[in-house]
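A single structure is presented below for examination.
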Amino acid sequence: MEQIHCGLLYGGRSGEHEVSLRSAASIFRYLDRNKYFPVPVGISKTGDWFFQTFESCGGPSLPLEQAEENRVTLVPGRGFFVKGAQLRLDFIFPVLHGTFGEDGTLQGLLDLMDIPYAGPGVLASALGMDKEKAKFIWHYSGLPVVPSVCLSKTEYAGNPASALAAADKLCLPLFVKPVCAGSSVGIAKVKSAGDLHAALSSAFEFDTRVLIEKAVSAREIECSVVGSGEIRVFPPGEVIPRHEFYDYSAKYTDPDGAEFKVPARLTAEESARIREIAAKAYQVLDMSGMARIDFFIEKHTGEIFINEINTIPGFTDISMFPRMCEAAGLLYPELLDRLIELGFERHREREALRFSL
Ligand SMILES: Nc1ncnc2c1ncn2[C@@H]1O[C@H](COP(=O)(O)OP(=O)(O)O)[C@@H](O)[C@H]1O
Ligand SMILES: [Mg+2]
């Protein structure tokens, strides 16, 4: 069987560039060479695309060389080019976390280039990135979300007291977070009203809209979902942050920042309820391919809330998303097979549509 030339897009302009290099190293390593020929294309922090010439990678991060002669150019309707020659890409695996990778922008570009790719399409990706719009849809679909108020930069500049009113309504402590971001960047826990403005200014550096959310004293539960239409919801896992919350350093810089439990220690009812909510949360956002859905379980009341959804979750072989799949028997290389298959399926379905009379 001829190998599928599978592009790995990694790096990128978001704050999660380094995380992407690590996710990409695992995917590069585990892609079954009998079926796939990996074509690594690194995206620099400034957004430039470079074809990579290495053939193996032993380290934890995929290298990203920025050699001018290997710059990749895109011609809509024609394809991807390096040194004037067309780069064969049958499929793309976007291994880009956060803005310009996970938020629908790249998915739109790949749709225009008419190339199949892993993960959800434009709308679902954009909704997955937008914490306010996702929560809005979940709430109106009868799914439990943490109460919050969304403020725009203009609203807040015109009426700074609006933030205090929101804090009064929700009650301290609160979480302040950019609507579209990730890896906990720009997020702060606010314990006194005096700290609210500093938290907002920092969050507004990352987005023009910010969520002020009631802080939940919670266990953090995560759930992998794979599929399109017919979906598979995996048994949940648990993240136990050793910091005040699961902040950037607990996620990436402090090796003892968090403990992971796969599967999570939950009662059968809790686990079933979370999986049921995860399935619905996935479907109402029109997800396809994959997502990791993150939950809170209130420590005292046991109340369950959906926190957020990640459409290109951390993908190192020790990341929660693949680990939760593996624990239920879907091993990393087979997970990659399945995601590629789902990407091709979605592309075929779209190809069968008419876009004009
Ligand atoms: N409402 C909340 N109550 C308690 N903890 C929260 C709340 N919102 C966020 N957190 C903490 O902050 C972390 C990051 O927030 P999250 O909304 O998941 O953003 P990101 O997309 O950056 O991961 C969470 O994993 C959790 O530890
Ligand atoms: Mg999160």
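Among what's in region 215-258 and is more than 16 Å from ligand 2 (Cβ to nearest atom) and in a strand (DSSP E or B), pick the residue that is nearest to E303 (Cα to Cα).
V233
What number of residues in region 278-297 are assigned to a strand (DSSP E or B), touching a Pro at 6+ places or on another chain (Cβ under 6 Å) and of a type in the set (G, A, S)? Before you say what the answer is, go through the steps one by one.
Narrowing region 278-297 to residues assigned to a strand (DSSP E or B): 290-297.
Then drop every residue that is not touching a Pro at 6+ places or on another chain (Cβ under 6 Å), which leaves 292.
If we keep only those that are of a type in the set (G, A, S) as well, we get none.
Result for region 278-297: 0.
Working only within region 163-177, note down all residues that are closer than 19 Å to K135 by Cβ, open to solvent by less than 80 Å² (accessible area, probe 1.4 Å) and free of Cβ contacts under 8 Å to residues at least 40 places away in the same chain.
V176
While we're on this one: Where in region 56-159 are there helices (runs of 4 or more DSSP H), lying fully within it, with 3 or more residues that are of a type outside the set (A, V, I, L, M)? Give the steps one after another, and end with the answer.
Numbers: elements: 105-112, 122-129, 131-140, 153-158.
Per the criteria, 105-112, 131-140, 153-158.
Can you tell me which of (1) more than 16 Å from ligand 2 (Cβ to nearest atom); (2) under 14 Å from D247 (Cβ atoms) is the one A161 doesn't meet?
Looking at each condition in turn, A161 falls short on (2).
Give the residue, chosen from E259, E230, E205, that is more than 19 Å from the chain's Cα centre (by Cα), outside the structural domain of I306 (by TED's automatic domain parsing) and over 21 Å from C171 (Cβ atoms).
Working: E259 fails: outside the structural domain of I306 (by TED's automatic domain parsing); E230 fails: outside the structural domain of I306 (by TED's automatic domain parsing).
Just one listed residue meets the conditions, E205.
Here is a follow-up. Output the residues belonging to region 190-204 that are surrounded by fewer than 20 Cβ atoms within 10 Å (Cβ to Cβ) and either within 14 Å of ligand 1 (Cβ to nearest atom) or at positive phi (or both).
K191, S202
Kindly indicate whether any position in region 19-28 is open to solvent by 10 Å² or more (accessible area, probe 1.4 Å), touching a His at 6+ places or on another chain (Cβ under 9 Å) and part of a strand (DSSP E or B).
No, every residue in region 19-28 fails to be open to solvent by 10 Å² or more (accessible area, probe 1.4 Å), touching a His at 6+ places or on another chain (Cβ under 9 Å) and part of a strand (DSSP E or B).
Going through region 300-321 one residue at a time, which ones are in contact with a Phe, Trp or Tyr (Cβ under 6 Å, 6 or more places away or on another chain) and open to solvent by 30 Å² or more (accessible area, probe 1.4 Å)?
Matches in region 300-321: D317 only.
A further question on this structure: Can I297 be described as farther than 24 Å from L172 by Cβ, within 16 Å of ligand 1 (Cβ to nearest atom), open to solvent by less than 20 Å² (accessible area, probe 1.4 Å) and of a type in the set (A, V, I, L, M)? Break it down stepwise before answering.
Values: farther than 24 Å from L172 by Cβ: no; within 16 Å of ligand 1 (Cβ to nearest atom): yes; open to solvent by less than 20 Å² (accessible area, probe 1.4 Å): yes; of a type in the set (A, V, I, L, M): yes.
Taking the combined requirement at face value, the residue does not satisfy it.
Look at S148 and say whether it is of a type outside the set (V, I, T), within 16 Å of ligand 2 (Cβ to nearest atom) and open to solvent by less than 30 Å² (accessible area, probe 1.4 Å).
Values: of a type outside the set (V, I, T): yes; within 16 Å of ligand 2 (Cβ to nearest atom): yes; open to solvent by less than 30 Å² (accessible area, probe 1.4 Å): no.
It is false that S148 is of a type outside the set (V, I, T), within 16 Å of ligand 2 (Cβ to nearest atom) and open to solvent by less than 30 Å² (accessible area, probe 1.4 Å).
S271 is checked against (1) outside the structural domain of A181 (by TED's automatic domain parsing); (2) open to solvent by less than 40 Å² (accessible area, probe 1.4 Å); (3) over 19 Å from the mean Cα position of the chain (by Cα); (4) within 15 Å of ligand 1 (Cβ to nearest atom) and fails just one. What number does that condition carry?
(4)
The values are calculated or read from the model by the stated rules, or taken from the named source; none is laboratory data. From a predicted model like this one, the values you see are computed outputs, not experimental measurements. Note: ideal-geometry Cβ built from the backbone for every residue, glycine included; neighbour counts use all protein chains shown. In case anyone asks, the SASA skips ligands and DNA or RNA and just uses the protein heavy atoms, side chains included. Shrake-Rupley method; radii C 1.70, N 1.55, O 1.52, S 1.80 Å.
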